[in-house]
Every structure is written in C-alpha cells, then in structure tokens.
Amino acid sequence: MQISILLIYLITFLILELVYFKIADRFNIIDKPNHRSSHTSITIRGGGIIFPIAILVYALINGFQSAYFIIGLLAISTVSFLDDILTLNNKVRLSVHLCSVLLLFLQWDLFSLSWYWVLIALIFVIATINAYNFMDGINGITGGYSLLTIATLYYIDQNVISFTSAELLLIVGLALLVFNFFNFRKKAKCFAGDVGSVSIAFIIVFLIGQLILKTQNISYILLLLVYGTDTAFTVLFRKIRKENIFEAHRSHFYQFLSNHMKYSHLLVSLLYVVAQLLINVLLILLTGETMIYTLLLFFAFIVIYLSLRLKLEGKKRLLLSYDKHSSQM
C-alpha cells in the first residue's frame, strides 16, 4: 500500500473524527465523571466510532469483502453507540451482540466444525468483547493496547504467515492512530465509549480468529493475555468477595494503579502495552516450538501478575469483602 494512499486514509479518518466531535458537542454526547470514574473532567464520549467507520470506508472501496464480518461489526457498533447515548434494554443489546457473533462465525465458516468448537469460540468471543469493555477505563489503554495488537498481527501477516488482508490491518492501525492522538494524552479529548471498545474488540477477535484458523495454533490467543488475565482475576476476586460482578466497579489492577497508587493514566497504559509487547515477542519467537513453551509463558505471566497484585494491593483488599475488610482495619 503506497504511502500517499495511507496519508489520504489518515487525513480522512482525522477529518471524520473531528466531524464526530462537532456532532457529539452539538448533541451533548459527553462523559460526566462519577464516583466510579477514573477521570475528573467532562469529555466527549464515543470517539471510538472511528473504528467501524474506518472499516466501512475500507469496505466501500474494496467491494464489501468479508460481508458477514462487516454486517456484524456495523450491527454491534450501532447498538453500542445507541447504548452510549440512550442506555438500551439489556435484552436488545445482548440479542444484537449474539447475532453479530453468529455472523462472525459464518465469516469464519465455523459451523462446518464440531459443535464444541463453536461453543468454545462463542465463550472466547463474548468474553473478549466484555473484557475490552471492562478494561476501557483510563486514557490510552484501549487505543495503545489495540494498536500494539494490530501491529503484531501485521508483523505476523508479513513475516510469519499471511492470514488476512494487509490493507485491512493498516486501515485499522490508522484509525487507532487517529483515536490515540485524541485519547492518549493527560487530558483526553475523547473516550472510546462502548461503540469504540466493543467495535475494536470485535475487529481484533475477527483477525485473531482468522490467524488461529489459518495456523491451527490456539496459542495466538495469548495476544490478548494481559487484558484477559486482568479481567478474569478481577471477576474471580469479586466473586470471592461476594460482590455483584455485573455492577460497575473500580476493581481492576489498572484502576488500582491509577486511582489508589496515583500513577498517571499514560504510565499505567504504557505498562500494560509493554507487558503485552514482551509476551507478543516471546510468542512469535516460540512459533513452531512445542506447546509446552507457550504454556510456560502463560503460567509465568499469571504468577507475575498475581504476585504483583498481592504485593501491591494486599490479601485483605483482594479477598475480603468491604465490610470484613473494614472490621479488621
């Protein structure tokens, strides 16, 4: 793809993002901080709408290749955007999510496989989309982490095995650069919103799914290991504390680092990106090796993550309910 064409895409996405800011400002599509927020000022919500818009631009130019994926993305992005501004009924939102995931499976031709693979894929996709939504809480984390993932996938496509459209990866990367320009800063101009976190999760899941199906190598799910680990163990700790896991909260490790230890949002986001970068490098180096090395990488990260949480947060904070914790203070 020529540099001049990439620049045209980049400028186009930048203009479209600025147009959305005008619309959001006109219709008061903003995020007001509350007691659960990790930010303190009113900010435009839904800046991540540039992700599905970028895919739509790509589809219009390239004749709607991967039509099931694109339709699913537009559906899940639309309902997520409406949920950002209206707060939809959960049944409506979940129904559209399920339909979009099924369209994704059609794109992967997954229904030709045994039923248990479909079930595993359903769990993986739904969990990843929700994890991305949960993890989108501080400046730079969603944009930075996603840009790293797309860059890694591009490297794999170009240097390890061709599994998808290089142009598609570049388009998504450019959209992420535009979003990061406005979000990866001390005072963010915009937040991704549900439309951003859900749509980029859907896109990344689609691409990783393509890679796994092409290589028959399940190890590539480790490209999302940091997000997955933080989400899974945060839910586990909340269950142990007998909290309602469906209620909004600030229990993630990244939230502890930014809200309680007062590390800057950008520093915490960079820590997460760097941690995933190291995993990605090791994962690529281990390509072709036996599965035991991938498992060792997985468990080594889990041990490091849990050790850090126990050391920094403490056993009482992680495992005891607020009432029990308070009574022992």
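Only the coordinates and a few stated rules stand behind these numbers; no lab work does. The shown structure was predicted, so the numbers you read here are calculated from the model rather than taken from an experiment. Ideal geometry is used to build each Cβ from the backbone, glycine not excepted, and the neighbour counts take in all protein chains shown.
Taking the number of Cβ atoms within 10 Å of each Cβ as an exposure proxy, the fewest-first ranking of Glu247, Glu17, Glu313 is Glu247, Glu313, Glu17.
Counted by neighbouring Cβ atoms within 10 Å, the residues Val195, Val92 run from fewest to most as Val92, Val195. Remark: for residue pairs Lys189/Lys262; Lys239/Lys316; Lys214/Lys239, the C-alpha separation exceeds 25 Å in Lys214/Lys239.
What is region 44-200 by shape, rounded, prolate or oblate, if you read a ≥ b ≥ c off the alpha carbon gyration tensor as root eigenvalues and call it rounded for a/c under 1.5, prolate for a/b larger than b/c, and oblate otherwise? In terms of gyration-tensor shape, oblate. The ranking of Trp115, Trp108 from fewest to most other beta carbons within 10 Å of each one's beta carbon is Trp115, Trp108. Computed over every Cα-Cα pair of region 1-108 and binned at 10 Å starting from 0, the pair-distance distribution P(r) comes out as 13, 33, 35, 17, 2 percent.
Between Ile126 and Asp25, the C-beta separation translates, for a Förster distance of 45 Å, into a calculated FRET efficiency of about 0.85. Return, ordered by residue number, the residues of region 195-214 whose backbone nitrogen is under 15 Å from a label point located 7 Å along Cα→Cβ of Trp117. Correct set: 209-214.
Please give the contour-minus-distance gain from Lys315 to Lys214: 0.36 nm per residue of separation, less the Cα-Cα distance, rounded to one decimal in nm.
32.1 nm
Scattering from the C-alpha atoms of region 3-327 alone, worked out with Debye: what is log10 I(q)/I(0) at q = 0.09, 0.16 1/Å? Taking Cα atoms of region 3-327 as identical point scatterers yields -0.46, -1.56.
3J(HN,Hα) along region 267-283, derived from phi through the Karplus expression 6.51 cos²θ - 1.76 cosθ + 1.60 where θ = phi - 60°, amounts to 5, 4, 4, 5, 4, 5, 5, 5, 4, 5, 4, 4, 5, 4, 4, 5, 4 Hz, with x in place of Gly and Pro.
Between Tyr293 and Ala151, the distance separating the two model label sites (each 7 Å from Cα on the Cα→Cβ line) works out to 2.3 nm. Normalising the average separation of contacting C-alpha pairs (under 8 angstrom, six or more residues apart) by the number of residues puts the relative contact order of the chain at 22 percent. In terms of the mean number of neighbouring beta-carbon atoms within 10 Å, the peptides 262-270, 67-75 order highest first as 67-75, 262-270.
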